[in-house]
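Reading through the structure tokens given below for one structure.
Values quoted throughout were computed directly from the atomic coordinates according to the rules given, and no laboratory measurement underlies them. Source: prediction; values computed, not measured. All Cβ positions, glycine included, derive from the backbone under ideal geometry; neighbour counts span all protein chains shown.
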Protein chains: 2
Amino acid sequence: MADKQKGGFSEACETCGSRHKSIFCHLAMDELALFNESKSCMSFKKGQIIFNEGGHPLGIYCVNEGKVKISHSGQDGKDQIVHLAKEGDVLGYRALLSSEKYNATAIALDDTKVCYVPRDTFFQVLKTSHGLSLEIIKLLATELRRAVNTITDLAQKPVRERTAEALLFLKETYGFEEDGATINVVLSREDIANLVGTATETAIRLLSEFKNDKIVEFIGKKIKILDMNKLIKTANVLY
Amino acid sequence: MADKQKGGFSEACETCGSRHKSIFCHLAMDELALFNESKSCMSFKKGQIIFNEGGHPLGIYCVNEGKVKISHSGQDGKDQIVHLAKEGDVLGYRALLSSEKYNATAIALDDTKVCYVPRDTFFQVLKTSHGLSLEIIKLLATELRRAVNTITDLAQKPVRERTAEALLFLKETYGFEEDGATINVVLSREDIANLVGTATETAIRLLSEFKNDKIVEFIGKKIKILDMNKLIKTANVLY
DNA sequence: GCTAAAACATGATTTTTGTCATGTTTTAGC
DNA sequence: GCTAAAACATGACAAAAATCATGTTTTAGC
């Protein structure tokens, strides 16, 4: 199990660096203090489950460090990756806010540290903080727009374009290494396939093609973009 | 152009029947009065555009009567239908809330009556009404879950299953006629294809197959479900 | 360092789906 | 009611993508 602790790596919510990147950026000091009193800090090793589809949400998770994939399971058990989270991202809020079970599973892609804010504290602050409501509304609205764009892509674009687009998305989400070209995340080919929405073999083949076309190069388990223009062209997006 | 008027078919927001089905169900009387003062009533004929992708939202639309398709345009101009609205639904709120341009176009499927609440009034009420914030959050959260499920379907299910599912969705959204079997909406084959996410010819072919399999029957421009069990099985969903 | 499992790779084949072509039916406007 | 346009339909074919099979490489655990 994950290491659940009150002390450990944790610092106070009031001084937390991740906060400024999150929906809690505008909270007042006394509201942050409420969070701080009741929050737990948790560490998850690579591959560990943070929460599970079908489970009941009892709080929200704030990613402090690390990377998390959020995937939704189809009928035959095949996963579709519907979100990739990083430091500053909040997880599990959608289910909590609509009083539903988790509609997806969150798994750490890296060693990950999260702060867990229990349900009651979250709602208590939500009740008084209109700013938080608005931040949540904005976040949901943005996610919804992204989802609609993904729907259109899945319905209309061929797998090759979507695969190229996925690489651009990974770059947007996790950025580059110091070399300014290697995408800073490790995903298996299966994960990439589940992000693109295709068979694993197809994803492998297309990535090999991209390599042959000198669009990308594989550096260990990471992908380095050699020709951004070609990649954008292959993805068929305005950039 | 649409007939924009202050009087006409409109009744007061305070007594509007559609309100109870909408996110405005918990508004106080004085808040409703604010809406009522500033709202416009508009009528759109079948096929008319209510708002256009890329345009700037200046208010929200409350559907009073009629049916509306909301579609997002792909690169090659092919539309993807991302939502179907009916009485009580609110349109255009996502773009307004995230201060973005419209990400989709709304077109009347029927002769449709809407109430238009200008931006400022909406935000004024939103500022004071915590209940409205929560309703909007719930609505967005529900839409987001639906979108995630659609994404998984598009990525994983074959067109035949998705087409059957689309018919079930149309039934859920618009219900049956008095006969208890005919889906109460008229959509062209192209619209159905754009809802399913497939080519028009493929949608036509699959619907013909469903007819041959005695799953559905075509009554004029409407679709009658003859064998619900078979349809559910074809859609491959738990129901 | 050895071994089993997982991940990656690639070929062959089949299935699914889209595209193109063509013809018929229905609808809307004069 | 006539006519043009749109919608519907269907066949033939091509392209895309999934599946199945098999082999190699890498990784993780003892």
In degrees rounded to 10, the 0-90 angle between helix B:159-174 Cα long axis and the longest Cα principal axis of chain B is 40
Using Cβ contacts closer than 10 Å as the measure, can you line up B:C41, B:C25, A:C13 from fewest to most?
B:C25, B:C41, A:C13
Stretchable slack from B:E209 to B:A28, in nm (0.36 nm times residue separation minus alpha-carbon distance)
60.0 nm
Charge dipole magnitude, Cβ of K and R +1, D and E -1 - chain A, Cα centre, debye nearest 20
360
Pop the C-beta distance of A:R119 and A:N52 into the FRET formula with R0 = 22 Å and round what comes out to the nearest 0.05.
0.85
Residues whose modelled amide H sits under 5 Å from the amide H of A:D110, counting only those 5 or more places away in sequence or on another chain, are A:G47, A:K67
Evaluate the Debye formula for chain B with equal point scatterers sitting on the alpha carbons, no solvent, and hand back log10 of I(q)/I(0) at q = 0.17 Å⁻¹, in q order, two decimals.
-1.29
From fewest to most C-beta neighbours within 10 Å, the residues A:T112, A:T198 line up as A:T198, A:T112
Just tell me how shielded B:122-129 is by partners: mean number of partner chain Cβ atoms within 10 Å of each residue's Cβ, no decimals.
1
How well do other chains shield peptide B:131-143, expressed as the mean number of their Cβ atoms within 10 Å of each residue Cβ?
6
Per residue of B:74-83, other chain Cβ atoms within 10 Å number on average 4
Calc'd 3J(HN,Hα), segment A:112-124, phi into Karplus 6.51 cos²θ - 1.76 cosθ + 1.60 (θ = phi - 60°), Hz, glycine/Pro = x, comes to 10, 10, 10, 9, 10, 9, x, 2, 4, 4, 4, 5, 4
For the Cα atoms of chain A, what angle does the longest principal axis make with the long axis of helix A:29-38, in degrees from 0 to 90, nearest 10?
90
Could you give me the ³J(HN,Hα) list for segment A:140-148, computed from phi with Karplus coefficients 6.51, -1.76, 1.60 and θ = phi - 60°, whole Hz, x at Gly and Pro?
4, 5, 5, 4, 5, 4, 4, 4, 4
Given contacts defined as C-alpha pairs under 8 Å and at least six residues apart, what's the relative contact order of chain A, whole-number percent?
18
Relative contact order of segment A:1-108, pairs being alpha-carbon contacts under 8 Å that are 6 or more residues apart, as %
32
Which one, A:G47, A:G77, A:H20, projects farthest toward the positive side of the charge dipole computed for the protein assembly as shown from Cβ point charges (K/R +1, D/E -1)?
A:G77
In Hz, Karplus ³J(HN,Hα) per residue of segment B:204-221 (6.51, -1.76, 1.60; θ = phi - 60°; x = Gly, Pro):
4, 4, 5, 5, 4, 4, 4, 5, 4, 7, 6, 7, 9, 9, 9, 10, x, 9
One finds the C-alpha centres of segment B:148-195 and segment A:118-132 to be spaced, in Å, by 38
At a 10 Å Cβ-Cβ cut-off, how would you order B:L140, B:L206, fewest neighbours first?
B:L206, B:L140
Quick one: with label points 7 Å out along Cα→Cβ, list the inter-copy distances for B:K211 in nm, shortest first?
5.1
In nm, what does the list of distances from A:D111 to its counterparts in the other copies look like, shortest first, when each label sits 7 Å along Cα to Cβ?
6.9
Treating the point 7 Å from Cα along Cα-beta-carbon as the label, what are the nm separations from A:T173 to the other copies, to one decimal?
2.8
